[in-house]
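A.B. asks: Dumping the structure here so I can ask a few things about it.
The numbers here are math on the coordinates, done by the rules we state, and not lab data. It should be emphasised that the depicted structure is a prediction, and the values quoted were computed from it without experimental measurement. Because the Cβ atoms are built from the backbone with ideal geometry, glycine has one as well, and the counts that use them run over all protein chains shown.
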Amino acid sequence: MTTRTPVSVVICVYTEDRWGDILAAVASVRAQTLAAHEVLLVVDHNPALRGRLEEHYAGTPVRVLANAGPRGLSAGRNTGIAASTGEAVAFLDDDAVAERDWLHWFADALEDPLVMGVGGRTRPVWASGHRPRWFPEEFDWVVGASYRGQPPGRAQVRNVLGGNAAFRRTAFDIAGGFATGIGRDGDKRPLGCEETEFCIRLAQAKPGTLLLIDDRAVIWHRVPAARERFAYFRTRCYAEGLSKALVTRSVGTDAGLETERRYATRVLPVGAARGLRDALRGRPGGAGRAGAIVTGVATTAAGYAVARLRTRGEAMP
């Protein structure tokens, strides 16, 4: 019988407002068909939440840690990596639950020694009970979910989504940890892309690195009502542009925008045309989806341009 790669699971948390979500995320990991090597909860500079979690999980294998670095998701993940002991480290968002064979499919992909990381399929759970009619599937990354345009099945990708992924421990030995200064850091602006920057940096440090996505490794990610609104959609797109500018400063424009160019020139035009076709056929939401795609592209591009202008000539920290 083949011994599967031991996978530690890290869940980064920051607010007591997500108490129920945190407990559900941990419960989903502890119910896996392939048991996690360990579960680590990393609390981001919130002593009250840390104390409450330590009390709740006292006497269980769940370990509660304080973020040992600056405020933010990258430093929290780095804290979990440093404290973990598994041969691979998986990450799960604190407002998501994993299906029972989530870790099984990650470990299955890691059986190939050339695979350094694998991501899964993240599906949105809308607070309203359904997708807003105007919200295009091509932009589901706005709410932290997998989006139309990603390859189906198990396929090679440039980068994975950080809230639903696993990396071989040696990946961090090769490329270091997640870069602070990219991604969410407690600020109100919803930045991201820290996992994108890491994956590109890993591939640059170790040519031939394989990163996969396997859509059988499924998690369900909660989308609160505030994130179903068009105002959040625009804010998140603008922040994505800012984040992409930071990524290109770190890894170069060609590598940092390779996937985005294909997405913008192939996936989004088809999505906009589909929306217009639906509108002409009288189907609800078609015009709204087409308009959202155009707005999303323009807003993301504006954020990228602004960040590039502001940081011209500056070195990446």
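A.B. asks: Which order do Phe167, Phe230, Phe178 fall in if you start with the one that has the fewest other Cβ atoms within 10 Å? Let's see the in-between values first.
C.D. replies: Numbers: Phe167 28, Phe230 14, Phe178 24.
In order of increasing Cβ crowding within 10 Å: Phe230, Phe178, Phe167.
A.B. asks: Quick one: net charge around Ala90, please, counting Lys, Arg +1 and Asp, Glu -1 for every other residue with C-beta under 14 Å from its C-beta.
C.D. replies: Working: positive: Arg4, Arg30, Arg77, Arg168, Arg169; negative: Glu38, Glu87, Asp93, Asp94, Glu99, Asp101, Asp108, Glu195, Asp214.
Here the charged neighbours net out to -4.
A.B. asks: If you don't mind, another one. Give the percent of DSSP beta bridges with both residues in segment 7-308 that are antiparallel, rounded to the nearest 5.
C.D. replies: On the way: 14 of 39 bridges.
Beta bridges within segment 7-308, antiparallel portion: roughly 35 percent.
A.B. asks: Determine the percent antiparallel among the DSSP beta bridges restricted to segment 103-240, to the nearest 5.
C.D. replies: Numbers: 6 of 17 bridges.
In segment 103-240, DSSP labels about 35 percent of beta bridges as antiparallel.
A.B. asks: How large is ³J(HN,Hα), in whole Hz, for each residue of segment 45-50 in order, when computed from phi with the Karplus curve 6.51 cos²θ - 1.76 cosθ + 1.60 and θ = phi - 60°, using x for Gly and Pro?
C.D. replies: Each residue's phi maps through the Karplus curve to give 6, 9, x, 5, 5, 4 Hz.
A.B. asks: Can I ask one more? Output the peptides 200-209, 293-302 sorted from most to least packed, where packing is the average of other Cβ atoms within 10 Å over each peptide's residues. It would help to have the intermediate numbers written out before the result.
C.D. replies: Values: 200-209: 15.7, 293-302: 18.0.
With the highest mean Cβ count within 10 Å placed first, the list reads 293-302, 200-209.
A.B. asks: Quickly rank 5-11, 254-260 as a protection proxy: mean count of other C-beta atoms within 10 Å, highest first. Intermediate results must be reported in sequence, preceding the final value.
C.D. replies: Numbers: 5-11: 23.9, 254-260: 16.0.
Ranked by mean Cβ neighbours within 10 Å, highest first: 5-11, 254-260.
A.B. asks: Nearest 500 deg cm²/dmol is fine: what mean residue ellipticity at 222 nm does the chain get from its DSSP H runs of n ≥ 4 alone, each adding -39,500 (n - 2.57), divided by its residue count? Mind dumping the intermediate values first?
C.D. replies: Numbers: 10 runs with 130 residues, N = 317.
Estimated from H runs of four or more residues: -13000 deg cm²/dmol.
A.B. asks: Can I ask one more? Take the alpha carbon atoms of the chain, find their radius of gyration, then divide it by 2.2 N^0.38 Å using N residues; give the quotient. Mind showing how you got there, number by number?
C.D. replies: Values: Rg = 19.2 Å, N = 317, 2.2 N^0.38 = 19.6 Å.
Compactness ratio reported: 0.98.
A.B. asks: Let me ask another. Between Asp101 and Glu54, what is the label-point separation in nm under the 7 Å Cα-to-beta-carbon projection?
C.D. replies: If labels sit at Glu54 and Asp101, their model points lie 4.0 nm apart.
A.B. asks: Right, something else. Using θ = phi - 60° and the Karplus curve 6.51 cos²θ - 1.76 cosθ + 1.60, what whole-Hz ³J(HN,Hα) does each residue of segment 131-138 get, with Gly and Pro shown as x?
C.D. replies: Ordered by residue, 3J(HN,Hα) equals 5, x, 4, 7, 8, x, 4, 5 Hz.
A.B. asks: Nearest 10 degrees, 0 to 90: what angle lies between the long axis of helix 19-30 and the longest principal axis of the chain (Cα atoms)?
C.D. replies: Tilt relative to the chain: about 60 degrees.
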